Amino acid sequence: MTGQGTTRTRSLSPDRPATADQATAVPTIAPAIDPATGPVIDPTTGPAIDLATGPATGSAGSATGLNVAEMPWLEELQGRTVVVKFGGNAMVDPALHRTFAQDVVELWHAGLRPVVVHGGGPQISAMLDRLDLETRFESGLRVTTPETMEVVRMVLTGQVQRELVGALNAHGPFAVGMSGEDAHTMTAVRRPAWVDGRPVDIGLVGEVVAVDPGTVRMLLDQGRIPVVSPVARGAGGEVYNVNADLAASALAVALGAERLVVLTDVEGLYADWPHSTEVIGRLTAGELDALLPGLASGMLPKMEGCLRAVREGVGKAHVLDGRVPHALLRGVFAEEGPGTTVVPDEEPETEEDRA
C-alpha cells in the first residue's frame, strides 16, 4: 500500500530577492520541525500550549480543561505525525468547523505534525441534488459515475478543501491544500463494494494501492499543515473517488504516523448497536478484526481504516465524536481519551523476554 517518496525541499518564494514592500506584505512562518533537531517553537511567540505550565490562557487547549503539565507522555509525541480525518457533522456546522481548525493549530503549536484528510459527503450530496443527479451508496461507499466524479472532484478540491484551508489560515499562514492526484501522492485501482458476499460495481471508486508521501513530508518539514482531498489517480490517468477514511489510513501508514484520528458523528464504536449505546473504549487489532464483518455500513470503512493503520505501523487509531467541541485535542492529549481507541496486538512473549 505504501510507496517510497523523494523529498526535495524548495523555497516557498521565487529565486529572486523580494522588494521591501513584498517582504512586509508576505507573511512568513518559522519551520515547526527542523529535520535535523526536531520541533522548533518560535521563541518570540512561544507555543500555544506550554508543555511545562499547561495551555496558554484563552487557547483551545485551556477550553478543554486539560492540563498539559500532567501529561508526561506528550513529550513522546513531539515531532511525530498525526493524521486526522475530518468529516461528519463538524464539516457543516460553522462553530464546530472553527473549533476543529483551532484544535489542529494547537497540535501544531504543541510540536506535533498534523495532516488533515477531509471528507465531503454532505456537500457532494447537496450538489448532486442541485444538479438532479442520483445519490446512491453500497456498503458505505458512494456509487460514482463519470458525471458524479466530476462533481466529487469539484466539491472536494474546489469547495471543501478551500474552506478548511481558509479556516486554518485564519490563525496564520499554516495550511496548504492538495489532493491525492498531486505529485502522484495517491495511486488507486478500481474497487467494488461487497454486498452479501458478492462484488458490486460502484463505478469510479478507488482503492489506494500506493502512496508517495514526498510532497506531504516536504510541506511538514516547511512547517505547513497539509490538507488533502481524497481524490486519487489511476496508473492509466483515471481519476478515482477514494473513501476519506481509507485515504487517511493509507497516508498515515506511508508517513509513519504515530496517530490516526477519525472524526465522525457517533461517540465511537458501539458494543452492540442498535441494541445498546455502550461504546467500546479500547480494543486490539485482533479484536476489531473479529467484529468487522458485523459492522454497520457507515462504520465499516472507518474501522477498516483503523485496523489497516495499526497493523501497518501506526501507533494508535482513534474514532472520536466530531460533534463534541475539542474532541480532537482530548483524543490526542488525554491518556484515557473519549471514543474508541484501536491499538496493535501485543507481541507474543518470547523465551528471551521470559529470561
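The values are calculated or read from the model by the stated rules, or taken from the named source; none is laboratory data. Bear in mind that the values here come from a model prediction, so they are computed numbers and not experimental data. Backbone-built Cβ (ideal geometry, glycine too); neighbour counts: all protein chains shown. Note: accessible area is taken over every heavy atom of the protein model, side chains too, but ligands, DNA and RNA are not part of it. Shrake-Rupley method; radii C 1.70, N 1.55, O 1.52, S 1.80 Å.
Annotations for the structure displayed:
- Thr145 passes every criterion in (1) more than 21 Å from Lys316 (Cβ to Cβ); (2) surrounded by 19 or more Cβ atoms within 10 Å (Cβ to Cβ) apart from (2).
- Exactly one residue among Ala247, Ala235, Ala257 is open to solvent by less than 20 Å² (accessible area, probe 1.4 Å) and assigned to a loop (DSSP other than H, G, I, E, B), and that residue is Ala257.
- Looking only at the range 150-160, and only at residues there that are open to solvent by 10 Å² or more (accessible area, probe 1.4 Å) and touching a residue at least 60 places away in the same chain (Cβ under 8 Å), the one that is nearest to Val115 (Cα to Cα): Thr157
- Residue list for the range 176-225, filter: in contact with a Gly (Cβ under 8 Å, 6 or more places away or on another chain), part of a strand (DSSP E or B) and not hydrophobic (A, V, I, L, M, F, W, C): Thr187, Arg190, Gly206
- Count - residues of the range 104-139 that are part of a helix (DSSP H, G or I) and not hydrophobic (A, V, I, L, M, F, W, C): 8
- Residues located in the range 109-148, provided they are within 21 Å of Val227 (Cβ to Cβ), in contact with a strand residue (DSSP E or B) (Cβ under 6 Å, 6 or more places away or on another chain) and either β-branched (Val, Ile, Thr) or modelled with pLDDT of 95 or more (or both): Leu112, Arg113, Pro114, Val115, Val116, Val117, His118
- When residues of the range 312-347 are limited to those that are in contact with a Pro (Cβ under 9 Å, 6 or more places away or on another chain) and either surrounded by fewer than 17 Cβ atoms within 10 Å (Cβ to Cβ) or part of a loop (DSSP other than H, G, I, E, B) (or both), the one modelled with the lowest pLDDT: Val324
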